[in-house]
1. For the charge dipole of the protein assembly as shown, defined by +1 on Lys and Arg C-beta atoms and -1 on Asp and Glu C-beta atoms about the Cα centroid, which residue among A:Phe161, B:Thr378, B:Ile715 has the Cα displaced farthest towards the positive pole?
2. Tell me whether chain B comes out rounded, prolate or oblate; compute the Cα gyration tensor, take square roots of the eigenvalues as a ≥ b ≥ c, and use a/c under 1.5 as the rounded threshold.
3. In the stretch A:281-310, whose amide N lies under 17 Å from the spot 7 Å out along Cα-to-Cβ of B:Ile7? List them in ranges.
4. Using amide H atoms built 1.01 Å from N in the peptide plane, name the residues 5+ places from B:Leu336, or on other chains, whose amide H lies under 5 Å from its own.
5. Report, for the protein assembly as shown, the % of DSSP beta bridges that are antiparallel, rounded to 5.
6. What is the Cα centroid distance between the stretch B:294-352 and the stretch B:393-425, reported in whole angstrom?
7. Mind jotting down the distance between the C-alpha centroids of the stretch B:1-31 and the stretch B:572-596, whole Å?
8. Averaging over all projection directions, find the projected area of the Cα convex hull of the stretch A:9-368 and quote it in nm² with one decimal place.
Amino acid sequence: MLYYLRKIDWAVVLPSLALSAIGVFFIADAANYMGSPPPPFANRQLLWFFISFVFYIGAMVLGFKRLKRLAPSLFAVCCALLVAVLICGTSCKGAKRWIALGWFNLQPSEFIKLAFILFMPLLLSNGRAKKLKFVLLFFSVTASIVFLIAAEPDLGTSLLFVPLALTIALTAGVKRRIIVAIVLVVTIAAPLLFNHLRPYQKERILAFTNPEQYRLAESYQIRQAEVAIGSGGLFGKGYGNGTHNALNLLPARHTDFIFSLIAEEWGLVGGVLVLVLLFSLIFLGITTAIYANSEYGRLVALGVSALLFFQTVVSIAMNLGLAPVTGIPLPFLTYGGSSMILCWSSVASLSLVRLNDKPSLVEYCLRDC
Amino acid sequence: MNRSAIILFALVCAVAMCGLIARLIQMQVFKFEYYEDIAERKRLRLEILDAERGTIYDRNGVPLAYDRVTYDVAVLISEFDPTFEIAKTLERELKLKNVLSGLDAHLFSVLSRNHCLNSRIDCGIVHNPARLKTLKEKYPLKYGAFELIETPEGETRLFLLSEVLFQRLEVLANLSKTLNIEFEVLFKKTEEIRNRIMRTTNAYERRYEMNRPQVIVSGVSREDVFRLELDAERLVGVVVLERRKREYRGEAFAHILGYMRRLNEEEVEKARAEGRIVNRAYNPPEVFEKFCGDSFFVDDEVGAYGVEKYFEPSLRGKKGAQLLEHDITTRRYQILDRIEPSRGEDVYLTIDAGLQEAAYRALKERGIVGAVVLLHPTTGEILALVSHPSFDPNRIKDAEYYRSLLEAPYPLLERAAKSSYAPGSTMKIAASIAGLSEGTITSNTYFECHGYHKNPNAFRCWVYPSAHGPQNIEEALKHSCNVFFFQLADMIDAEKLVGWFKRLGIGEPPPLEIGATQGILPTPEWKRKRYENTVARLNDLKLKIKGQDADDSLKEKIDSLEKITAIYREESAWVPGDSRNLAVGQGAILVSPLQVARMFAVVANGGSLVNTHIVLGNSKESENLNINPSVLETIKNGLRRAVFETGGTANKSGLARFGAYAKTGTAEVNKKTGSNNGWIAGFAPGDSPKVVFVVLVEQTTKHGGEVAAPVAAEILEKLFTNKKTADENVVLSTKD
């Protein structure tokens, strides 16, 4: 028993456990004010957590090498699922993002995130990063993923892959000129593509830039979240005493705006706690990327780090009024099975790199000097 | 492998993390008071705005069904009664328990005058007086009931001031004076509401109920509402609700317009599952995101019958929404945003209100149970569709009234289009068209009427034991001679005869937006099928009890079915008697007044079967039946002579004044009681018809010419000689 306890990667598991627990805790709070009787969100989230933890253990058992071998097939399956969701996905508010499998909703755009991190480095490792054809392949695959997801439509998630891909590419050693070129292309293309956005997507961006004009549809959400967070103060209003009383109208408290709920009820202390926990995982990933032995391992570790980073930053920035509303989930905290499984699988990959890809002292010195 | 990239990324992460923490600090430390102010003061509410339902007009723009607005006075407990909030604050700040019951006990003693209104309640020692002091200074209205007193021992005790705590007593006193209702009545109502809310266990439900307007007085007049609005500042927590009530012009239109009903449980559940149930004032955030105008209140009404039902989607309109920010301290509302409700579409009927009411009155004054149809001969527009007795749709929600409607003479039965009757001699028109068009007879063919045909007990003329003597078809129509048509029926092929009836719209439902019956047209095939169906049913039953011991009721059923089958076997083939009955509109044939009107329109307009409709603009192309004009001429002559010449069955009716050509009908219904259906059907003025009319009198012992024709005459008088109607009457100046 003690043997297995020592084998567990506590540096990764502890923050993840803490975050998952906080998530369940606050989802229960949000659900209590969402109907009579309250919807069973907290119980479900707990179930997702257990399932995700099983995934974690499973990945540990699988091992790093097998994971690397499985990466391409995993990616292919996820791509197939992405296409499938466009064809036979269930509509929710006019968006086809899920495939309903009985009582479980599968969201392929979540799983593709992990598949992306595990598979794409293969395209650029072992010196392929310097060869143009692989670089082009890398970015075209990325672009296809972006368009597949954007067609659902899920603009927020699709755009997530741009900085993710760029970070991986840059780390893998793709020539800086190419990276800069891609960035320029995206920056120029973005305003031009604005007109092709769906109305609600346009509204979200406009609501962000002119909050005074757009009050009914989108910007009031941000405004509510802002007031909720601000009025939390240093120590918060206490668990259960949140916005439900004062402002009555903060939607998606258990998903997009769960951070607002935490910051409101646990104050600055709570907000910083969540940030510290999340960033501890992110920085852990970065340090792993530095010392890991194989190039693939480094890229995967960095990929996990980047994935967690971009999701965290965008989601929390949105809560704080620094970014427009997107559907990007806050890792571990947002209600949702697919997201929870993704997060635990990602940190599982990280753990695998940490545990199995450690260089010996000699190797590390040789590399470093 | 790019090391520096990783370092760059790490830097970006660090900067981002610091940035987010900095923003948190900015919001939660530096701007804390700003946000706390908003959180304390502002309440947001999403109100759903009801849409006005479309009005149903007659062809001239007379409103027949419309919304009328009534007012209710309601309270929002969350604003009206601050004790809930104060209790919560105290529990939070002072860690007290059971504050609410303590406050209520104090209210009770205030009301029973044990304590006076400006007494104080001692709540205990405050450990954090500074915070409460700040709250009290910043939100004097909200925390006005608090009073912090320093005792000589150096403690700070919190007192609550009754008169601020129980401000609602003053509000109720105000309401009582303005609305002239006793204070006790209002107080009891609000206490009932309050107790119900306090007993709710689920936090969400409690919050919902506290923010939902609870009606305390309904049916308030507009003047009272104005007076309440003048006093709005002092009437904390009082809201005036607009309620819409549907009103109808009268009984005469009831069957056409229909009425409204509440949604039933199934419909509510289905809408709830689709997220389309909304509340008037307080809605959960999810409603807000997905709001669509096509949603329902739980107590919404939809059309249940008639035009209200069939045109529900266009009449209903779309709801709107309003996001209100309410400032607790200044008690002012600010509308942050508003989606206008869109009014339902109006429906214009082809009905002429004046004619409809005149026809209805004509039946009512004579105590006639029956129907009237007025039809435009070329466009198919229905100018009047009257069924008497009718009901008052404004009272249909009254349970007792509704129960009374279920008894004889069955006012809920629509007799003009949805019921069918034995048509009697009106069907001679169809037989005439058939006989002349098929060449069986010509206008010069003469038959002799001896008063009966073949069997004096079975096929008699109505003048029996008298006789009409020799007649051609015009004279037979003028006298409504049965024997002539019996002889015609014997000569014409049954399928051809039945075919013409079908072509003239008998046995098929005439087009009508609110639904119409098809009646029964007996044909050889119909008879054969009837027999075959009973045989099938009999065999089914026999199979069921095969081998088993059948119980008595089943055996009885089989017995009676066997008897019926035997009868039908005898009658499964078409016999000459069937054709004869058909030609004079007796036997199994059943026709609605609307179908009769449609048939007479064929004669009036020169041979087209019109598309009958009741909503303006719904006209479609008529079907040309390709009838030889000379055939129609002959028939018209017969109808003319019936009205104008002595001896004609419609001669003494008063119809001649309007130049009408008509056919009477007297259909035997019950030989024993001598009860008949009395008909008159025709068009006027005969030479260039502007209207087709049909009057049906259910259950009369008299002839159609005696009972129904005078009614028609009275209606035509209203149509033609009334100067106002004549000028405005679009019948005389058709649009197309």
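The values are calculated or read from the model by the stated rules, or taken from the named source; none is laboratory data. Only a predicted model underlies this, so the values are computations on that prediction, with no experimental measurement involved. A quick note on method: Cβ atoms are made from the backbone with ideal geometry, for glycine too, and the neighbour counts reach across all protein chains shown. To get the accessible areas, we keep the full protein, side chains included, count just its heavy atoms, and leave off ligands, DNA and RNA. Shrake-Rupley method; radii C 1.70, N 1.55, O 1.52, S 1.80 Å.
1. The residue sitting farthest along the positive end of the dipole is A:Phe161.
2. Prolate.
3. A:286-292
4. B:Leu323, B:Leu324, B:Glu325
5. That works out to approximately 95 percent antiparallel.
6. Here the answer is 31 Å between Cα centres.
7. 93 Å
8. 18.7 nm²
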